[in-house]
Structures are given as C-alpha cells and as structure tokens.
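The values are calculated or read from the model by the stated rules, or taken from the named source; none is laboratory data. As the structure is a prediction and not an experimental result, all values here were calculated from the model. Methodologically, a virtual Cβ is constructed for each residue, glycine included, from the backbone with ideal geometry; neighbour enumeration extends over all protein chains shown.
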Amino acid sequence: MRNGSIKAWVGLACLAGVTGLASAQTPTAPNTGPAILKAPTLELVSPRVDFGTRPPLAFVSETMTFINNGEQPITLERAQGECSCTDATILGNDRTFQPGERFDILVAVEFPREMGLYTKQLLIYEKDNERPLPIPFDFEVGYDIKINGGPRFAIVTDRGGKLTLESRTKSPFRVLSISGMAPIYEGFDPAKDSLRDNYTVYYNLGEVPTDQLPRWLVIETDHEAAEMMAIPARVPGWRPIIDKTQWHSMDEFIAMGTVSSNGPTRTTMLFTGKAVMPGQKIVAKSTNPDIGVRVVGVRRPDRGGGMQVDFDVTPRRDLTGFSTTIASVEYDGVRTAFDLFLRADPSMPAPPVPNN
C-alpha cells in the first residue's frame with residue numbers, strides 16, 4: 001500500500017441457519033441471504049505517513065489527505081487510532097463528501113517509552129458501513145544515541161556481550177553505567193583518552209541469580225538527550241511482569257533519570273482495561289525498600305481512553321547512584337506492575353511538589 005494507494009475490499013458475513021422440526025402454526029424466518037459489508041470508497045492520496053525517529057513520549061502530528069473515489073456521496077462517522085497513543089481529527093465541519101471530493105485528517109501520536117520500530121493504524125468509519133478503512137503509518141522510538149545501530153537491534157539475548165553506542169548528532173559523551181555497573185570499554189581508556197561520539201562497551205549478567213535477572217538493560221550517559229536508556233534484556237530465564245490480557249500499565253517501565261534523594265519526584269503512567277470509577281481505591285507498592293512509590297492522583301487522560309495515575313517516587317534520604325524497583329499497582333481486585341529506574345542524588349535539592 002505504498003505511494004498512498006489503499007485498495008478496498010469486499011467481505012461477506014454468512015448467517016448461520018438453524019434446522020429442525022416445526023409445527024404448521026410456527027412461522028419461519030424469511031431467508032434474507034448473506035449480509036454484505038460494503039467496500040470503503042476512500043483512498044489515501046497523500047504519501048504514507050512516516051513520523052520518523054523521535055525520543056520516548058514525543059508528541060507528533062501529521063495530516064493525511066483522502067479522496068472519495070466512489071460514485072456516491074459518503075458520510076463519515078469518525079476516525080480513530082487503534083490504540084490510546086493515537087488521536088485522529090477530521091478537519092473542517094463537513095462530514096459528507098461528494099465523489100471526487102478531498103478532505104484532511106489530522107493524526108497525532110504520542111510515542112511509547114520502549115525503543116523500537118512501530119506500525120499503527122488509523123481507522124476511518126463510514127456511516128452504515130461496519131468495516132472501517134485501516135490506514136497504516138510508521139514511526140520509530142529512539143534516542144540521540146543509537147544502540148547496536150538502532151532500535152531494530154537494541155536488544156540483548158545473552159547474559160554477557162557488547163553494545164555499540166553512537167551519537168546521532170556526533171556530540172561527545174560519557175557512559176556512566178550499565179544497569180548500575182561500571183562500563184568496560186573496548187579500545188578506550190576514560191582516564192586518559194578524550195571523549196568520543198561512539199563506543200563499544202561490554203556488560204555481564206553472569207553473576208546475577210536467575211530469579212533476579214533484569215528485564216531491561218539500563219544504559220546511563222551524560223548526553224543531555226539520552227540520559228537513561230532501557231533496552232530489552234531477553235536473556236534465558238527472564239520473566240515478563242505484565243499480563244496484557246487484563247488491566248495493565250500501557251508501558252513496561254519508567255526511566256526517571258537523575259532524581260533528588262531529598263523528597264518525592266512526580267511521575268505518571270497510563271493504564272488500560274478499566275475505566276476510572278469514583279471512590280475505587282488504587283494501591284501501589286514498591287519491591288525495593290529504598291524507593292517509595294505512592295499514588296497521589298487518578299484522572300482521565302488528556303487524549304484517548306484508559307486511566308492516568310500519578311505517582312510520587314521517593315528514594316531513601318541517603319540513597320546514591322543507580323537503583324530500580326518494581327511498582328506493583330492494585331485496582332478493583334486486579335494487580336499489575338511495571339519497572340522503574342532512577343539515579344538518586346542526595347546533593348540535589350528537593351523538587352517542588354506539583355498541585356494534586
């Protein structure tokens with residue numbers, strides 16, 4: 001479906017008949033035949049949208065242009081994204097379009113936290129047509145430092161190995177740690193060599209017990225646009241903590257970067273699967289006693305559906321350096337969890353407390 005051409009299709013849904021004995025007085029249902037789903041008559045005339053490469057949680061919008069290539073007027077009911085990360089708005093006041101008429105739809109995307117290449121769909125619904133027209137679009141979540149050449153390869157599957165790190169902007173930087181461990185460089189001595197814009201570094205999880213294997217390898221740098229990067233660590237023995245068949249957080253982790261040890265820092269997570277119910281209690285717990293996690297607010301998100309939950313994250317007063325915890329969150333009898341990463345700095349002043 002490149003060059004903006006979207007081909008329509010026709011689907012048939014058959015009605016199943018029920019056979020059996022009936023008395024002469026029992027009326028029989030008329031045979032209405034198969035129910036026909038109409039083929040959408042819209043066509044994308046602008047190029048397929050690629051939102052490019054942006055950092056996690058970036059918010060980007062683009063316009064798609066369509067034409068009614070059918071022989072009859074059509075009326076649109078709505079346009080929506082396939083997930084809560086996407087907003088869609090039909091521009092203008094008209095919703096009925098004549099044959100050959102063009103119109104625009106504004107599509108906005110909030111990039112997920114996890115690096116990678118993504119393809120999502122815009123769904124356009126015509127009146128009296130049960131089948132929406134799906135329009136795919138692409139984007140890539142990535143930092144200003146490329147890991148292993150880019151998000152497609154930013155994953156580790158062995159307990160030990162090496163990573164390549166390269167600044168997209170060619171800015172020199174320093175690698176601070178890999179999941180709290182000092183980096184082991186290849187061909188670079190940080191004590192005497194000048195900072196570079198690319199490195200090969202090694203990691204080793206060989207001494208970590210199987211039940212404590214991390215799900216993410218967290219790379220810290222002093223690059224202002226890539227302070228804390230989490231890549232999947234799918235090494236043998238790793239276990240997921242999110243069951244996506246039930247109520248759960250939309251993202252699998254929050255990388256907070258450097259925070260103060262002198263007070264709470266506010267962060268937020270979007271949950272899906274249940275609506276906000278007034279009076280229903282939400283409880284959060286931390287698996288790490290050095291990091292407190294407390295729910296301070298619940299609200300409907302600014303865009304899309306689900307539930308926006310605000311947390312205060314409070315490190316132990318004298319905690320220093322990289323640390324991690326699993327935030328366990330229970331709501332309406334269902335428990336979910338996500339990973340949380342931070343670097344605690346007791347020299348930083350306590351952050352201002354936002355209004356609840």
Does residue 265 meet the test of being assigned by TED's automatic domain parsing to the domain that holds residue 330 and at pLDDT below 95?
no
Can you tell me which residues in segment 170-187 are over 20 Å from residue 149 (Cβ atoms) and part of a loop (DSSP other than H, G, I, E, B)?
174, 179, 180, 182
List the residue pairs whose Cβ atoms are under 9 Å apart, where the first residue sits in segment 126-151 and is among the small types (Gly, Ala, Ser), the second is at pLDDT 90 or above and part of a loop (DSSP other than H, G, I, E, B), and the two are 6 or more positions apart or on different chains.
142/168
Does any residue of segment 177-187 turn out to be hydrophobic (A, V, I, L, M, F, W, C), in contact with a Ser or Thr (Cβ under 8 Å, 6 or more places away or on another chain) and surrounded by 19 or more Cβ atoms within 10 Å (Cβ to Cβ)?
no
What is the number of the single condition among (1) touching a Gly at 6+ places or on another chain (Cβ under 9 Å); (2) crowded, with 19+ Cβ neighbours inside 10 Å; (3) polar (S, T, N, Q) that residue 265 does not meet?
(1)
Here are some residues: 310, 302. Which one is free of Cβ contacts under 8 Å to residues at least 12 places away in the same chain and within 20 Å of the chain's Cα centre (by Cα)?
302
Considering residues that are in a strand (DSSP E or B) and either among the polar types (S, T, N, Q) or surrounded by fewer than 16 Cβ atoms within 10 Å (Cβ to Cβ) (or both), the number found within segment 49-78 is 12
Can you name every residue in segment 110-157 that is in a strand (DSSP E or B), modelled with pLDDT of 90 or more, more than 22 Å from residue 46 (Cα to Cα) and not aliphatic (A, V, I, L, M)?
146
